[in-house]
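The values are calculated or read from the model by the stated rules, or taken from the named source; none is laboratory data. Note that the structure is a prediction, hence the values are computed from the model and not measured. Virtual Cβ from ideal backbone geometry, glycine too; neighbours counted across all protein chains shown. Surface areas here come from the heavy atoms of the whole protein model, side chains and all, with no ligands, DNA or RNA. Shrake-Rupley method; radii C 1.70, N 1.55, O 1.52, S 1.80 Å.
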Amino acid sequence: RLGIFLFTDKIEKFIPARKGRKHVLQILRSIISFQPKSKTTNLKTTLIQVSQILKKRCILFIISDFFDSNDYVKPLKILRGRHDVIILKISDLREQEIPEIGLIELEDEETGEQILVNTSDLVFQKNYTESVLNNESQMISNLIKLKIDFIKILSDENYEIPLRKFFKKRIRR
């Protein structure tokens, strides 16, 4: 049985879990054709909504970049208490280290806020890299405390490799 939640700042599409080839094809069509209504995301609100909708115990894969300023730890803890939660964090290497290319304008995709930064500035590079690494480190620390499995997938790599490693490791447990 397979179901799906597609979300932005709230759940925009929910297909309850069912069996069957037609159902899987419906889910795949929904993923491919999904056009979000909102540009913003809110993982905390979405996880609260998911915990209210899901009644039966399930395996819940949460796929996100986890760039969310809202504290989603408490809703994750609630979900972990009832379900087997697995986090798939999608990362782009270009977001982890900014190349030294001089002045560039960065835009927040969700808010539209723009800032001009000098990527050649060593202080900026150091602060940016530290911030990204600290955010990921904090997230991993929270997941370890909650005993939630975590898979990091780089956007430029074959996703099968980390998934296969994870499932092989999980089978042995």
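The selection criterion, being surrounded by 10 or more Cβ atoms within 10 Å (Cβ to Cβ) and over 22 Å from ILE31 (Cα atoms), holds for ASP121. Inspect all residues belonging to segment 8-21 and state whether any of them is closer than 23 Å to GLU160 by Cβ, out of contact with any Lys or Arg (no Cβ under 9 Å at 6 or more places or on another chain) and at pLDDT 95 or above. Yes, some residue in segment 8-21 is closer than 23 Å to GLU160 by Cβ, out of contact with any Lys or Arg (no Cβ under 9 Å at 6 or more places or on another chain) and at pLDDT 95 or above. Annotation: GLN125 fulfils all but one of (1) part of a helix (DSSP H, G or I); (2) of a type outside the set (Gly, Ala, Ser); (3) within 30 Å of GLN49 (Cβ to Cβ); the unmet one is (3).
Within segment 51-95, being aliphatic (A, V, I, L, M) and either open to solvent by less than 10 Å² (accessible area, probe 1.4 Å) or in a strand (DSSP E or B) (or both) holds for ILE59, LEU60, ILE62, ILE63, LEU76, LEU79, VAL85, ILE86, ILE87, LEU88, ILE90.
Within the option set SER141, SER155, SER137, SER91, being in contact with a helix residue (DSSP H, G or I) (Cβ under 9 Å, 6 or more places away or on another chain), within 28 Å of ILE78 (Cβ to Cβ) and of a type in the set (Gly, Ala, Ser) holds for one residue only, SER91. Could you tell me which residue of segment 17-39 is nearest to GLU109 (Cα to Cα), considering only residues that are outside any helix (DSSP H, G or I) and open to solvent by 50 Å² or more (accessible area, probe 1.4 Å)? Taking the candidates together, the pick is LYS39. Screening segment 132-149 for residues that are surrounded by 12 or more Cβ atoms within 10 Å (Cβ to Cβ) and over 15 Å from SER91 (Cβ atoms) and picking the one that is modelled with the lowest pLDDT gives ASN142. For segment 82-105, a residue qualifies if it is under 21 Å from PHE14 (Cβ atoms) and of a type outside the set (A, V, I, L, M, F, W, C), and the qualifying residues are ARG82, HIS83, ASP84.
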